Amino acid sequence: MFRRDMPGLFNRASCLFEAVATPRRSRSTARKRRHHIPYNILYNLDMLDLKPVEFRGSALDDLRAFPLAARREAGHQLDQVQRGQAPDDWKPMNTVGRGVREIRIRDASGAFRIIYLAKLADVVYVLHCFQKKSPKTSKADIDLAAKRYRDVLKEQGQ
């Protein structure tokens with residue numbers, strides 16, 4: 001447990017904070033200020049290793065065509081991928097290529113998918129974004145993502 005009268009560093013919510021020491025006060029003053037602890041934010045640890053996102057083909061325009069709520073959720077999920085974490089709801093897409101994953105987003109206006117690759121280099125490649133209209137992913141969507149995957153591999157020289 002952190003005590004207010006002891007300065008030092010501690011980690012809370014992935015940020016480093018420096019507790020500012022306050023002089024000892026009487027118990028009545030301490031009760032009034034119990035929840036007021038001044039902090040100086042030194043730096044955010046989560047922002048140190050973000051992978052850049054590269055959208056292939058029309059993936060960015062397709063993502064911008066999503067409804068607002070689905071776009072926000074997609075942004076949150078891609079942010080997690082940038083930080084090296086797994087999205088909340090995903091599945092591997094081995095039919096497209098090795099290391100390719102699909103982010104699944106469910107919204108009141110339908111189901112949306114983002115197919116991405118995060119295994120190569122230090123970049124997250126978004127291969128394809130689309131709204132799913134049937135229970136099974138259409139062959140056209142898989143073929144388009146596979147073509148973009150092959151293009152990325154050619155650029156990487158693999």
(request) Read phi for every residue in the stretch 50-59 and hand back ³J(HN,Hα) as whole Hz from Karplus 6.51 cos²θ - 1.76 cosθ + 1.60, θ = phi - 60°, with x for Gly and Pro. (result) 7, 7, x, 9, 10, 8, 9, x, 9, 4
(message) Full-extension gain between K133 and S58, please, as 0.36 nm times their residue separation minus the C-alpha to C-alpha distance.
(response) 25.1 nm
(message) With θ taken as phi - 60° and the coefficients 6.51, -1.76 and 1.60, list the Karplus ³J(HN,Hα) couplings across the stretch 70-84 in order, rounded to whole Hz; mark glycine and proline as x.
(response) 5, 4, 5, 5, 4, x, 5, 5, 5, 5, 4, 5, 4, 7, x
(request) Grab the Cα-Cα distance for L68 and V123, subtract it from 0.36 nm times how many residues apart they are, and report the gain in nm with one decimal. (result) 17.3 nm
(message) What lysines does K51 reach when the alpha-carbon gap must be under 25 Å and sequence neighbours fewer than 8 apart in one chain are set aside?
(response) K91, K119, K147, K154
(request) Could you do me a favour and compute the accessible area per residue for the stretch 80-152, 1.4 Å probe, result in Å²? (result) 51
(request) For an R0 of 22 angstrom, estimate the FRET efficiency from the Cβ-Cβ distance between D79 and R150 and round to the nearest 0.05. (result) 0.25
(request) From the P(r) of the stretch 116-158, can you give the percent of Cα pairs sitting at distances over 13 Å? (result) 57
(message) I'd like the carbon and sulfur percentage of the solvent accessible area for the stretch 71-122, probe radius 1.4 Å, heavy atoms only, ligands and nucleic acids excluded.
(response) 43
(request) Quick one: which residues, 5+ away or cross-chain, put their amide H under 5 Å from the amide H of W90? H built at 1.01 Å from N. (result) R104
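The values are calculated or read from the model by the stated rules, or taken from the named source; none is laboratory data. These numbers were taken from a predicted model, which means no experiment stands behind them. So basically every Cβ, Gly included, is an ideal-geometry build from the backbone, and we count neighbours across all protein chains shown. We work out accessible area using only protein heavy atoms, side chains counted, and drop any ligands, DNA or RNA first. Shrake-Rupley method; radii C 1.70, N 1.55, O 1.52, S 1.80 Å.
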